[in-house]
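The values are calculated or read from the model by the stated rules, or taken from the named source; none is laboratory data. These numbers come from a predicted model, not from an experiment. Neighbour counts run over all protein chains shown; Cβ positions are idealised from the backbone, glycine included.
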Amino acid sequence: MINSNAHYEPVITPSMGARRMHVHLTEINDARKGWGYQHCHEAEEAVYMLEGEGEFTFDGKTYHVGPGQAVFFPSGIVHAETKFLSDKVKYLVIRTVEPGDEPCCCETDVAAPATATS
């Protein structure tokens, strides 16, 4: 189940000139309802918690994250089994943008076209 009370606010986007970086703010009310968005991508991703607490489980481990703490999801790891421990959470999502990846959940990132190098 994806929590429909999520709100996304772009922070760093391609329209600002970012080619390989994406940052957005996520706010979720009724966060204890859960977050059912298991996914995997080539992008590296981090969640930096600003408000509230949560537990992120991936790769056989559970990470407890509160305000001022971050969790890092390496490339190619299925992640986002999340249990929020607060009614409201607010966090930054910081991720690379990789060609061929699906857009981020806020859908404001688009992979930069691959360029030939000599």
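Which one of these is modelled with pLDDT of 90 or more and among the charged types (D, E, K, R): Glu81, Glu45?
Values: Glu81 fails: modelled with pLDDT of 90 or more.
Exactly one of Glu81, Glu45 is modelled with pLDDT of 90 or more and among the charged types (D, E, K, R), namely Glu45.
Of these, Ile77, Ile28, which one is over 11 Å from the mean Cα position of the chain (by Cα) and not in a strand (DSSP E or B)?
Step by step, each of Ile77, Ile28 is checked, and only Ile77 is over 11 Å from the mean Cα position of the chain (by Cα) and not in a strand (DSSP E or B).
State whether one or more residues within the stretch 57-68 are buried (at least 18 other Cβ atoms within 10 Å of the Cβ) and of a type in the set (Gly, Ala, Ser).
The answer is no, given that none of the residues of the stretch 57-68 is buried (at least 18 other Cβ atoms within 10 Å of the Cβ) and of a type in the set (Gly, Ala, Ser).
Checking the condition of a type in the set (S, T, N, Q), more than 19 Å from His7 (Cα to Cα), out of contact with any Ser or Thr (no Cβ under 8 Å at 6 or more places or on another chain) and at pLDDT below 85, which residue from Thr117, Thr62 passes? Give the derivation first.
Working: Thr62 fails: at pLDDT below 85.
Criteria check complete, one pass: Thr117.
Would you be able to tell me the number of residues in the stretch 9-42 that are in contact with a Ser or Thr (Cβ under 6 Å, 6 or more places away or on another chain) and touching a residue at least 60 places away in the same chain (Cβ under 8 Å)?
Going through the stretch 9-42 one residue at a time, the tally reaches 3.
Go through the stretch 31-52 and count every residue that is closer than 17 Å to Lys88 by Cα, in a loop (DSSP other than H, G, I, E, B) and in contact with a Pro (Cβ under 8 Å, 6 or more places away or on another chain). Reasoning before the result, please.
Of the residues in the stretch 31-52, the ones closer than 17 Å to Lys88 by Cα are 31-36, 47-52.
So of that shortlist, the ones also in a loop (DSSP other than H, G, I, E, B) come out as 34, 36, 52.
Checking the rest, the ones that are also in contact with a Pro (Cβ under 8 Å, 6 or more places away or on another chain) come to 52.
The total comes to 1.
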